1. Can you return the aspartates and glutamates within cross-link range of LYS267? Criterion is Cα-Cα under 18 Å, with same-chain partners fewer than 8 residues away left out.
2. Once the chain is represented by equal point scatterers at the alpha-carbon sites, with solvent omitted, what log10 I(q)/I(0) does the Debye formula produce at q = 0.09, 0.10, 0.14 Å⁻¹?
3. Report, in deg cm²/dmol and to the nearest 500, the calculated mean residue ellipticity at 222 nm for the chain, where each DSSP H run with n ≥ 4 adds -39500 (n - 2.57) and the sum is divided by the residue count.
4. How far is helix 250-259 tilted off the main Cα axis of the chain, in degrees rounded to 10, range 0 to 90?
5. If I fit a long axis through the Cα atoms of helix 82-92 and take the longest principal axis of the Cα atoms of the chain, what angle between them do I get, 0 to 90°, rounded to 10?
6. Compute the distance from the alpha-carbon center of segment 151-166 to that of segment 81-125, in whole Å.
7. What residues qualify as long-range amide H neighbours of SER291, i.e. H under 5 Å apart, gap of 5 or more or another chain, H built at 1.01 Å from N?
8. Scan around ILE183 for amide H atoms under 5 Å from its own, H built in the peptide plane at 1.01 Å from N, and keep only partners 5 or more places away or cross-chain.
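What follows draws every value from the coordinates through simple rules; no lab data is involved. Not measured: the values here are computed from a predicted model. All Cβ positions, glycine included, derive from the backbone under ideal geometry; neighbour counts span all protein chains shown.
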Amino acid sequence: MSKERPKVAVFSPYVLERGTPDGVKDFIQTLKPVLKRKGVEVVLIGPSTKDNQNNLADYALGSSVRVKMKGTSYRGAATINVIRARKIINSEKPDINEFHEAFANPLTVETVSLVAREIPQIFQFHAHTEEPTRRQKVLIALAKKSGYMKHVMDRVSERHAVSPAPKKFWADLLEEPEELYEIIPNPIDTELFDYDKEKKEEKTGKKLIICTARHDERKGIDDLIFAVDHLVKNDIRDFVLKITGEGPKTPELKNLVERLGLSDFVKFVGTLPVEELAALTGEADLLIAPSEGGEGFNRSIANAKAAGTLVVATRIPGQTFAYGPEEVFGEMVEPNNPDDLANRINEFLNLSPEEKERRRDLGRRFVEENFSTEVVAQKKVAAYERVIFEKHQGKLAR
C-alpha cells in the first residue's frame with residue numbers, strides 16, 4: 001500500500017459479540033485477520049456490551065439497546081458522546097473511518113465526524129428492503145429537505161455495497177448515481193467452510209437438510225416447515241431438517257412443528273459457534289434459504305456453496321447474487337410458496353450423483369472466485385489505497 005501499515009477504524013452500529021448471528025459483525029470479523037496479513041491495521045468500535053468474554057470490539061462507543069424493526073430484532077446504539085469519540089480517535093489516529101450500515105446510527109456518524117473532520121470516510125451498506133418503511137421515507141425526506149443528507153454524503157470518500165440489491169436501494173433512496181457505489185460482497189472464509197469431497201461421497205443414512213438463519217418474520221422459516229409437511233404427507237420421509245439460530249419467532253416456529261406433528265423431521269439446534277456451524281454446513285446435503293425479502297446478500301448461501309453443499313433458495317434480490325446463475329446451479333424458488341419449495345427440495349435431493357458433484361464443484365469455485373476473504377480483502381485494500389492517495393493529493397493541492 002502507499003502508506004506503511006495504514007490504520008482503519010471500523011464502526012459497527014450493532015454489538016460486536018462472538019456467537020451472535022449478525023451479518024455486519026460476520027463481515028467485519030471474517031475480514032479483519034486477512035486485512036492484517038495484507039498490512040492493514042483494523043480497530044473495531046461498537047456499542048458497549050456486558051459480555052466482556054465474547055466482546056470483539058476494541059473500543060465501546062454508545063450503550064446498546066434492543067431495537068425491533070419489521071420483524072427483526074437486534075442490539076444497536078447511537079451516541080452523542082463527543083468526549084469518548086475524541087478520546088478514541090486521538091488515541092488510535094486512524095487514516096480512514098469506515099462506517100458499516102451508517103444510517104443505522106447517524107448520530108454516531110455525526111459525533112465521530114465532528115471530532116475527525118480531516119479523516120476520510122467510507123460507508124459500507126448491507127441493508128436492502130423491497131419497500132422502505134413509512135418511517136424511513138419520512139426521515140429521508142426530512143434529511144434531504146434540510147440539507148442534512150447532502151451534508152453527510154459530501155463527506156464520504158467511497159460507498160460500498162454487499163450486492164447489487166443494497167447498491168440500488170441506497171442509490172435510489174439517496175437519489176445518487178449507482179456508479180458511485182462499488183460492490184464489495186460479504187467475505188466467506190473458504191478455509192473454515194471447506195469442501196471435503198470424500199466425506200460427501202461417503203455419507204449414508206438420512207439426508208440432512210439445514211436452515212441457518214435468525215428466526216425473523218422475513219426469513220420464511222414457517223414456509224420451510226410447511227414445505228416439510230408437504231413432503232411428509234407425500235411420503236417423502238428420508239430426511240431430517242435441522243434449524244439453527246434463534247429469534248423472536250422461535251416459540252411460534254416450534255409450536256408450528258409440534259402442531260403439524262413434524263417433531264421427528266424438524267430439529268431446532270439453537271445458535272451454534274461458528275466452528276460447529278461450519279461443520280454442520282459441510283455435513284449437510286442441502287441448505288434452504290426461504291427468505292421472503294429484505295436480504296442484502298445472505299451469507300448462509302455462500303457458506304454452503306463453499307462447503308460443497310447444494311442450496312435451494314428463494315428468488316429475491318440479494319440472494320440471487322449470492323446464489324449465482326440459475327442455469328448453473330438450478331432454478332430458484334418464488335418466495336411465499338411452500339409447495340414449490342417442497343418440490344424443489346425433492347428435486348435437488350434426487351439429482352444424480354454426477355449432477356450433485358458437478359454443482360458442488362462449481363459452487364465451491366464460484367465462491368472462491370467471487371466471495372473468498374482473499375478476493376474481498378483485495379478490494380478493500382485497493383479502496384483504502386485510493387482514499388489515502390486522494391487525501392495525500394488533496395494536501396499537496398492545498
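1. ASP216, ASP222, ASP223, ASP229, ASP238, GLU246, GLU252, GLU258, GLU276, GLU283, ASP285
2. Listed by q, the Debye log ratios stand at -0.55, -0.68, -1.25.
3. The per-residue figure over the chain is -13500 deg cm²/dmol.
4. Tilt relative to the chain: about 10 degrees.
5. The two axes meet at around 90 degrees.
6. Each part's Cα centre sits 15 Å from the other's.
7. Counting only residues 5 or more places away or on other chains, the set is THR314.
8. HN-HN under 5 Å from ILE183: ALA161.
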